[in-house]
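Visitor: Submitted below is the structure of interest, expressed as structure tokens.
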Amino acid sequence: MNHPHFKREGWLYALAFLLAIGLRFIQLGAMPLTDAEAAPAMQALHIAQGLKPALSPYPFYILSTSILFFLYGSGTDFLARFIPALTGSLLVFAPLILRRIKPRPALFLAFFIALDPGLISLSRQAASPIIAITFLIFAWGFFDQNKPRLAGVFAALALLGGPSIWAGLLGLGITWAIMQGLKTRVPAQPVVEDQRPTFDFRLSTTSLIITFITAGTLFFIAPNGISSALASIPAFINGWLIPSDVSAGRVFLSLLVYQPLALLLALFAVIRGWRNGSARIIPLSVWFLVSLLLAVFLPSRQVTDLAWTLIPLCALAALELVRNVYIFQDERAEIFGVIFLTAFVWAFAWLDFSGLIWVATNSREYIMRFWLLIGALLLLVFSLLLIAAGWSIRTARIGGVWGLALALGVLGFGGALGSAGFRGLAHPELWWSPSIPMQADLLQKTVGEMSEWGLGNDHAGPVIIAGVNSAALEWTLRDHQVVIAETLDISSSPDFVITPLQDDPLLSASYRGQDFTWRQTPDWNYLLPQDWVRWTALRDVSQSGETIILWVRDDLFLGSSITP
């Protein structure tokens, strides 16, 4: 069904897109690539250099990024993340093509997508699930609009997006099966008959095959892109066999910390939708629950597996929030008062919660602050109940929802800034990739300067990596000739050697060493409840890391008289 659009809708979508662009592209290359990001990025760089590397199961990302590397002549962290950032920004236009959502809820959904911390973080990671999510949603939208060519094209691009496409399809398939079983139980609603023509599956399949072959091989430049796309199936299956160190509680906690507003609004929408038999809310709630359970019970679960949960979550939140937009003139004063009261109580509760980190757990002050927090939330509930009884339920509902949106929206926006990395590497987030190379830029700069001083060219010095298995290390030194060695032959007198933290007498005799902090990961599994409170308020958490040593031959230093 086509719904009439409203005034300035295009400008508001442009605003949502600008917000998405800013949160996804500002300082995009500031955070070093992790091992998971660097491996496909190195493959893209090798293709741009004319090599034929074996490809990871992310063919669209690798092949499209190789075009950028080829055009700019080199690879950078910014360019390595450009395609996911652009794809994630374009996702805000997906509500425009979803015919089952009315224009105003679709616009709210676009802003939820633009500002969601999880989607922002995924858009700033190389080879992330955001590519498969965006293209599958677009394929679904064009299928719903009866545009078989575009549906086939975007379905093919989604299949090239990586192993996460199968998690999304599995969740949608289970949702469809559940809805078929619920059809007889959901109350029937009047439906306006749609006279659109039958979807042309033959044309759509033809478009899918042509796009899959041409885009999957980069117009036959990289034929192994097809095998890379097919390898996503066993990669997804292996995810059910490999255990993870990420607990189910951490996955649930990420929803509470990063999507508090969307989660509460979605809860209100689900209660209302099931009570009224809503044909929109019931399928979305089932999809949300199915994707959440898949993300939690997948043995190799990561927080990023919640990516497919965020789409129905944001859609439910948008459908609930849009119900509270219309405010009559004679009720504005009362509603604005309720908004102020709700936001004030939420702000007070947050300040009290943050104060828990400064007092001892078993102290009297801690207990007092805890019950003060509970009391503030109960005060808000009883205040809204009294307003509903004294004025009207509508006043309490609209004021409470917008006060909630104001308070928790500020909290969620802070989470979005943190997920984007604007706070710096010292304040880790749950949505970040693990094992971030903390001093990658310093290592790259040091090797370049020593190569310039000793050899006259900052890229001339070859580097031997011995005993360190890190794709991020190879990416950091991509402008140098890098040799991976299991054992080090010191008789060859290499210019630079990188080893784990160890005391090597042979290297110490003719080399000078400097240690660098490399892969660093927060100690999520060892945090106590008090530590989680501190992290939630300050993003302060203990981290453990790996140290490597860069060995530089003595004769490369200025003023050195030693010859190898």
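Visitor: Can you work out the accessible area per residue across segment 322-367, with the rest of the protein chains kept in place, probe 1.4 Å, in square angstrom?
Guide: Here the residues of segment 322-367 average 65 Å² of exposed surface.
Visitor: While we're looking at this one, here's another question. Each residue of segment 273-281 in turn: what ³J(HN,Hα) in whole Hz from Karplus with 6.51, -1.76, 1.60 and θ = phi - 60°, glycine and Pro shown as x?
Guide: Those phi angles translate into x, 6, 5, 9, x, 5, 6, 9, 6 Hz.
Visitor: Out of all DSSP beta bridges in the chain, what portion is antiparallel? Express it as a percent rounded to 5.
Guide: 70 percent
Visitor: Separation of segment 74-151 and segment 237-276 by C-alpha centroid, Å?
Guide: Each part's Cα centre sits 20 Å from the other's.
Visitor: Note down the nm distance, to one decimal, between modelled labels 7 Å out along Cα→Cβ at LEU172 and at MET368.
Guide: 5.6 nm
Visitor: Okay, next question. From the list (1) 24.6; (2) 31.4; (3) 27.2, can you say which value of mean projected area of the Cα convex hull in nm² was derived from the structure given?
Guide: Entry (2).
Visitor: Taking a 1.4 Å probe, which of HIS427, HIS459, HIS480 shows the most accessible area, and what order do the others take after it?
Guide: HIS459, HIS427, HIS480
Visitor: Can you give the accessible area of ARG104, probe radius 1.4 Å, in Å² rounded to 10?
Guide: ARG104 exposes around 100 Å² with every protein chain in place.
Visitor: Straight-line reach from LYS102: which lysines fall under 24 Å, measuring Cα to Cα and dropping same-chain residues less than 8 apart?
Guide: Partners within reach: LYS7, LYS147, LYS183.
Visitor: Relative to the longest principal axis of the C-alpha atoms of the chain, give the angle of the C-alpha long axis of helix 201-216, reported between 0 and 90° and rounded to the nearest 10°.
Guide: Its long axis makes an angle of about 30 degrees.
Visitor: Under the Karplus relation 6.51 cos²θ - 1.76 cosθ + 1.60, θ = phi - 60°, what is the ordered set of whole-Hz ³J(HN,Hα) values for segment 61-66, x standing for Gly and Pro?
Guide: Using θ = phi - 60°, the values come out as 4, 5, 6, 5, 5, 4 Hz.
Visitor: For ILE436, list long-range residues whose amide hydrogen, built 1.01 Å from N in the peptide plane, is under 5 Å from its own amide hydrogen.
Guide: When sequence neighbours closer than 5 places are left aside, the close amide H contacts are GLN520.
Visitor: Please give the helix 529-538 orientation as an angle from the longest Cα principal axis of the chain, in degrees from 0 to 90, rounded to the nearest 10.
Guide: Helix 529-538 sits at roughly 90 degrees to that axis.
Visitor: For ALA460, what charge total do you get from the other residues with a beta carbon under 9 Å from its beta carbon, if Lys and Arg give +1 and Asp and Glu give -1?
Guide: Computed value for this residue: -3.
Visitor: Report ³J(HN,Hα) in whole Hz for each residue of segment 412-421, in order, from the Karplus equation J = 6.51 cos²θ - 1.76 cosθ + 1.60 where θ = phi - 60°; Gly and Pro get x.
Guide: Going residue by residue, I get x, 5, x, x, 5, 5, x, 5, 6, x Hz, with x marking Gly and Pro.
Visitor: Accessible area of segment 1-86 with a 1.4 Å probe: how many percent of it is carbon plus sulfur?
Guide: Using a 1.4 Å probe with all protein chains present, segment 1-86 comes out at 70 percent carbon and sulfur.
The values are calculated or read from the model by the stated rules, or taken from the named source; none is laboratory data. Keep in mind that what you see is a predicted model, and the values were worked out from it rather than measured. Glycine also receives a Cβ, built like all others from the backbone with ideal geometry; neighbour counts cover every protein chain displayed. Only protein heavy atoms, including side chains, enter the accessible area calculation; ligands, DNA and RNA are left aside. Shrake-Rupley method; radii C 1.70, N 1.55, O 1.52, S 1.80 Å.
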